[in-house]
Amino acid sequence: MDLDIVFLGTAGSMPTAHRAPAALLLRRGGDKLLFDCAEGTQRQLLRSSVGLLELEEVFITHFLADHVLGLPGMFKTFSLRGRELPLRIYGPRGLVDLLGSLKRIVGKLSYELDLLEVDPGDVLERDGYRLATFGVAHGVTALGWSLIEATRPGRFDVEAADSLGVPGGPQRGALQRGEQVALGDGRVVRSDDVLGPPRPGRKIVITGDTGPTEEIVEAAWGADVLVTEATFADEERERAEETNHQTATQAAEVARRANVSLLALTHLSNRYFGPEIADEARAIFAETVVPRDFDVVEVPYAERGTPHLVKGGASRRRDHEVVESAPQ
């Protein structure tokens, strides 16, 4: 099952010539989950190799303009294309009031908008994974989101199955699913007899805008990837505290304490280009990347490797470069 993160907008509160405001697409198999939808997000999708998908769900971290201004335009585009499939939007308390006030801008739509307000600690169950929310510190009603996969069965031991006389076919499939099977001679073979230890699923944590908090450390514990903001370098720590943001140093400290595999920093102020933020964070947490728009972080299963940045992985050019958590 493929799992990756497409960075569509990595700027702070305003766009720059090279970075759009906040939006990222999390892809797991056939599921496409959009987190935040800033100004220009639909154009970013169209400019990318992803295209403007018929999204089924959008997840909002908070309602400041640089995270939601792309919603009205996207709603209208979907309607102009004759969309009929309902679109579900999840967000903090206040979502219904906010989007209700946008009706006069958007007009009548060809499809239904399902608006669902969630609180920190809520969990949305999906096939093979869950989406869990947690609180962040941004001075407004805001949420972080985690994608947490279910634990997978251990590896199937072919030699053990052969020695026990389990024939090939459906019975081995049943054992791989955790069931037990009865053999022709009356013996019962349990899945534990032929499966190795359970294997953990993958975990991605997305904070949105926030200052550093203990709740994020807890929510991100052991994550494969922590996507969080580094609006400022540490020389601007006082400014970060005033505006409920965090510095690259603070984000790296959170990643180190949470024992994550890879830290991806985004929401950069327009005073920074990226390398200086990466250098500051790597002094504390080496496995740090600072994606640009259209970069991708691929998240393989642990037995197949570690999360890594693919520069330009969602750009229309195909000559992108794989970088294993390396300096940019």
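The values are calculated or read from the model by the stated rules, or taken from the named source; none is laboratory data. Note that the structure is predicted; figures quoted are calculated from it, not measured. Positions of Cβ are generated from backbone atoms using ideal geometry, with glycine treated the same way; all protein chains shown enter the neighbour counts. Note: areas computed on protein heavy atoms with side chains; ligands, DNA, RNA excluded. Shrake-Rupley method; radii C 1.70, N 1.55, O 1.52, S 1.80 Å.
If Lys and Arg each add +1 and Asp and Glu each add -1, what is the summed charge of the other residues whose beta carbon sits under 12 Å from the beta carbon of E280?
Taking every other residue near E280 into account, the sum is -4.
Under the rule of -39500 (n - 2.57) per DSSP H run of 4 or more residues, summed and divided by the residues of the chain, what mean residue ellipticity at 222 nm is obtained, to the nearest 500 deg cm²/dmol?
-6000 deg cm²/dmol
Please enumerate, by chain and number, the lysines with C-alpha under 20 Å from the C-alpha of K76, excluding those fewer than 8 residues away in the same chain.
Those lysines meeting the cut-off are K32, K103, K108.
Got a sec? Charge dipole of the stretch 123-168, +1 on Cβ for Lys and Arg, -1 for Asp and Glu; which of T141, G165, T151 is way out at the positive end?
T141
Using Cα pairs under 8 angstrom and six or more residues apart, how large is the relative contact order of the chain, in percent?
It rounds to 16 percent for the chain.
Normalised by the residues of the stretch 46-181, what does the relative contact order come to in percent, with Cα pairs under 8 Å and at least six apart?
19 percent
If I compute solvent accessible area with a 1.4 Å probe over the protein chains, what percent of it on the chain is carbon and sulfur?
Using a 1.4 Å probe with all protein chains present, the chain comes out at 49 percent carbon and sulfur.
Take the chain, connect every pair of alpha-carbon atoms lying under 10 Å apart with a spring to form a Gaussian network, then pick out the residue of A302, A258, A223 with the largest mean-square fluctuation.
Highest fluctuation of the listed residues: A302.
At a Förster distance of 56 Å, what's the computed FRET efficiency of S163 paired with R93, Cβ-Cβ distance as r, to 0.05?
Plugging the Cβ-Cβ distance into 1/(1 + (r/R0)^6) gives 0.45.
For the chain, take the longest principal axis of its alpha carbons; what is the angle in degrees between that and the long axis of helix 248-258, to the nearest 10 within 0 to 90?
20 degrees
Report, to one decimal in Å, the Kirkwood hydrodynamic radius for the stretch 131-284 based on all distinct Cα pairs.
Kirkwood hydrodynamic radius for the stretch 131-284: 18.2 Å.
May I ask for the equivalent-ellipsoid semi-axes of the stretch 15-82, computed as the square root of five times each C-alpha gyration tensor eigenvalue and listed largest first in whole Å?
17, 14, 13
Given R₀ = 45 Å, what would the calculated FRET efficiency be for V140 paired with R199, taking r from the Cβ atoms and rounding to 0.05?
Taking R0 as 45 Å, the efficiency between V140 and R199 is 0.70.
To test your reading of the geometry: what angle, between 0 and 90 degrees and rounded to tens, separates the Cα axis of helix 71-80 from the longest principal axis of the chain?
70 degrees
Contact order normalised by length for the stretch 164-222, with contacts defined as Cα pairs under 8 Å and 6 or more residues apart; what percent is it?
20 percent
Quick one, which of (1) 6, 25, 31, 20, 11, 6, 2, 0; (2) 5, 23, 32, 28, 11, 1, 0; (3) 5, 20, 25, 24, 16, 7, 2, 1, 0 is the actual P(r) over Cα pairs in 10 Å bins from 0, in percent calculated for this model?
(1)
Given a 1.4 Å probe and the protein chains all in place, what does the accessible area of R28 round to, in Å² to the nearest 10?
20 Å²
Please identify, among D234, D157, D295, the residue showing maximal mean-square fluctuation in a Gaussian network model of the chain using a 10 angstrom Cα cutoff.
Between D234, D157, D295, it is D157 that shows the largest mean-square fluctuation.
Restricting the count to DSSP beta bridges whose residues both fall in the chain, what percent are antiparallel, rounded to a multiple of 5?
Expressed as a percentage, antiparallel bridges in the chain total about 65.
Can you give the FRET efficiency to the nearest 0.05 for R257 and L124, using r as the Cβ-Cβ distance and R₀ = 25 Å?
0.40
What does the charge dipole of the chain about its Cα centre add up to, to the nearest 20 debye, if the Cβ of each Lys and Arg holds +1 and the Cβ of each Asp and Glu holds -1?
1140 debye
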